[in-house]
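Worksheet for the structure shown next.
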Amino acid sequence: MIMDFPFSVDIVRTARRKSAEIEINGETVRVLVPSTLSDQRIHDLINKRSVWIKQKLAVHASTPEPKPREYVNGETFPYLGRNYRLKLVTSKEYSVKLKNGYLTVAYPKTDDGQKNHAIIKRSLTTWYQSHAYDRLHEKTKRYSKIIGVNPKGIKIDDFKARWGSCLDTGEVAYNWRIILASHQIVDYIVIHELCHLIEHNHSPKYWKLLETYCDDYQNCRKWLKDNGANLKI
């Protein structure tokens, strides 16, 4: 069946889902459905929610794009909800350190400004991904004990339209950019994915379980919907 809508739709089928869900992240519309759901049912679902989808896409289209990064001294970069000023230091060795309120990047400076920007961005990305790995492993182990689950593995990924995922293999995966948000938001994402090891869907039973371990999850969800697009470096 050809689904003719005035917006592009990415349909994701998975055997572990028991209910359908529509996610909108920026310009991306993702429809998560059980693998057995027919094309006609999917079409009807999208058609029924089309007004809501158009409204969400319109809000995104009317929201100004964040100012592009310049990677210059004094520019602020978030980490776990706090902003730190960028400090650039010329050095023979590459390094990134968080110290005294500054995110200090040391690198061999060149005469090519564009190349310097690429080096700084790559260094920062590596630093953030490394810290995301450590922090998310730590939080996952802590909350796994509280919730009573045992994930088979923990992965850090570069998702384009989601903050986390509970895989069919029993692994949990996280978008490394979530480390830019506050501890409260990071905790919510960790708990959200770990609860999927018990309830593999977004049914009322799932949300009730999530609320048991994260009573402010609705505020966290709203914060991510409102601010998630700005979590980038």
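The values are calculated or read from the model by the stated rules, or taken from the named source; none is laboratory data. Remember, predicted model here, so these are calculated numbers, not experimental data. Please note: Cβ atoms are built from the backbone with ideal geometry, for glycine as well, and neighbour counts cover all protein chains shown. Note: accessible area is taken over every heavy atom of the protein model, side chains too, but ligands, DNA and RNA are not part of it. Shrake-Rupley method; radii C 1.70, N 1.55, O 1.52, S 1.80 Å.
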(request) Could you list all residues from region 159-190 that are in contact (Cβ under 8 Å) with a residue 40 or more places away in the chain, touching a Lys or Arg at 6+ places or on another chain (Cβ under 8 Å), more than 11 Å from Leu136 (Cβ to Cβ) and assigned to a helix (DSSP H, G or I)? (result) Arg177, Leu180
(message) Condition first: under 18 Å from His202 (Cβ atoms) and not charged (D, E, K, R). Now tell me which residues in region 10-27 satisfy that.
(response) Ile11, Val12, Thr14, Ala15, Ser19, Ala20, Ile22, Ile24, Asn25
(request) Please tell me if Lys225 is open to solvent by 20 Å² or more (accessible area, probe 1.4 Å), without any contact (Cβ under 8 Å) to a residue 12 or more places away in the chain and over 22 Å from Ile24 (Cβ atoms). (result) no
(message) Can you tell me which of (1) open to solvent by less than 10 Å² (accessible area, probe 1.4 Å); (2) closer than 18 Å to Ala15 by Cα; (3) not hydroxyl-bearing (Ser, Thr, Tyr) is the one Gly170 doesn't meet?
(response) (1)
(message) Out of the residues in region 197-221 meeting the condition of being touching a strand residue (DSSP E or B) at 6+ places or on another chain (Cβ under 9 Å) and either open to solvent by less than 10 Å² (accessible area, probe 1.4 Å) or among the aliphatic types (A, V, I, L, M) (or both), tell me which one is farthest from Pro34 (Cα to Cα).
(response) Leu197
(message) Being without any contact (Cβ under 8 Å) to a residue 24 or more places away in the chain and open to solvent by 40 Å² or more (accessible area, probe 1.4 Å) is the filter here; which residues of region 71-81 pass it?
(response) Val72, Asn73, Thr76
(request) Mind listing just one residue for me: the one in region 9-19 that is at pLDDT 85 or above and open to solvent by 70 Å² or more (accessible area, probe 1.4 Å) and, of those, nearest to Ser165 (Cα to Cα)? (result) Arg13
(message) Among the numbered criteria (1) part of a loop (DSSP other than H, G, I, E, B); (2) modelled with pLDDT under 90; (3) within 25 Å of Lys160 (Cβ to Cβ); (4) open to solvent by 40 Å² or more (accessible area, probe 1.4 Å), which one does Met1 miss?
(response) (3)
(message) Here is a check on your reading of the model: is Tyr143 of a type in the set (Phe, Trp, Tyr) and either in a strand (DSSP E or B) or at pLDDT below 95 (or both)?
(response) no
(request) Filter region 20-32 down to residues that are touching an Asp or Glu at 6+ places or on another chain (Cβ under 8 Å) and free of Cβ contacts under 8 Å to residues at least 40 places away in the same chain and give me whichever is surrounded by the fewest Cβ atoms within 10 Å (Cβ to Cβ). (result) Leu32
(request) Go through (1) touching a strand residue (DSSP E or B) at 6+ places or on another chain (Cβ under 6 Å); (2) farther than 25 Å from Cys214 by Cβ; (3) not charged (D, E, K, R) one by one and return the number of the condition Gln114 breaks. (result) (1)
(message) I need the full set of residues from region 82-135 which are of a type in the set (S, T, N, Q), over 29 Å from Val190 (Cβ atoms) and open to solvent by less than 90 Å² (accessible area, probe 1.4 Å), in order please.
(response) Ser91, Thr110, Asn116
(message) What's the number of the only condition in (1) farther than 23 Å from Leu98 by Cβ; (2) hydrophobic (A, V, I, L, M, F, W, C); (3) surrounded by 14 or more Cβ atoms within 10 Å (Cβ to Cβ) that Ile146 fails to meet?
(response) (3)
